[in-house]
1. In the stretch 1-31, what residues are closer than 22 Å to residue 103 by Cβ and out of contact with any helix residue (DSSP H, G or I) (no Cβ under 6 Å at 6 or more places or on another chain)?
2. The conditions are (1) part of a helix (DSSP H, G or I); (2) at pLDDT 95 or above; (3) buried (at least 21 other Cβ atoms within 10 Å of the Cβ), and residue 56 fails exactly one of them. Which is it?
3. Output the residues belonging to the stretch 1-23 that are assigned to a helix (DSSP H, G or I) and over 17 Å from residue 194 (Cβ atoms).
4. Could you grab me the full set of residues in the stretch 114-135 that are in a helix (DSSP H, G or I) and closer than 20 Å to residue 94 by Cβ?
């Protein structure tokens, strides 16, 4: 069992946000993206991505809690409700409970997480409205405001992820490649030797301004099984 020394992402941002550079934030976003890319490569939808289900250990973000994850090929869950924390849920699902979660639903959640990493705040934490009104706002296209001084490419990328129309959202490979290129452009050493497909990056439309036991990263990807990802972690309170 591994101890997540930074707690979950929400806790980590609360405690360390003032210490984080933009390069640190981009690396966190990339690590989460890499985890989702691995899951989708295994035909797995997480369906409950939010900052409570991401932990940070030694500065590295890791996806946990696959309790409601489902195979893309054998979705047998009920359509009677929604899963996850409301601000992270695909608005298509909020508008229509018969809408099936898909790869682009996890991409939507990733976009919200990227905004959260950029701001250090939980989405809509400052809006004193009930869940019913927030749900209607999200269905209507309301999103959080960008943080000043956000790198333009990062901003465009997360806005493309939370586009109301799933077919306008990038694929996870496109997000992965875009973050690699952004990291290289900023001179982040970690990104220099990571391979990505430039064609995937070109496919994103800029006008859409539009566990290790739990670790879902390159190392975990080489281990093989989804079961190894979902071991429990000790998260400091």
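1. First pass over the stretch 1-31, keeping only residues closer than 22 Å to residue 103 by Cβ: 9, 28-31.
31, the sole residue that qualifies.
2. Failed condition: (1).
3. Of the stretch 1-23, the ones assigned to a helix (DSSP H, G or I) are 9-19, 22-23.
If the condition is that a residue be assigned to a helix (DSSP H, G or I) and over 17 Å from residue 194 (Cβ atoms), then 9, 10, 11, 12, 13, 14, 15, 16, 17, 18, 19, 22 are the ones that fit.
4. First pass over the stretch 114-135, keeping only residues in a helix (DSSP H, G or I): 114-119, 131-135.
Scanning the stretch 114-135 gives 114, 115, 116, 131, 132, 133, 134, 135.
Yes/no matrix, rows are residues, columns are (1) in a loop (DSSP other than H, G, I, E, B); (2) at pLDDT 95 or above; (3) within 24 Å of residue 93 (Cβ to Cβ):
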| position | (1), (2), (3) |
| --- | --- |
| 160 | no, yes, yes |
| 187 | yes, yes, no |
| 206 | yes, no, no |
| 209 | yes, no, yes |
| 213 | yes, no, no |
| 224 | yes, no, no |
| 228 | no, no, no |
| 237 | yes, no, no |
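The values are calculated or read from the model by the stated rules, or taken from the named source; none is laboratory data. Values in this document were obtained by computation on a predicted structure and should not be read as measured data. Every residue, glycine as well, gets a Cβ built from its backbone with ideal geometry; the counts of neighbours run over all protein chains shown.
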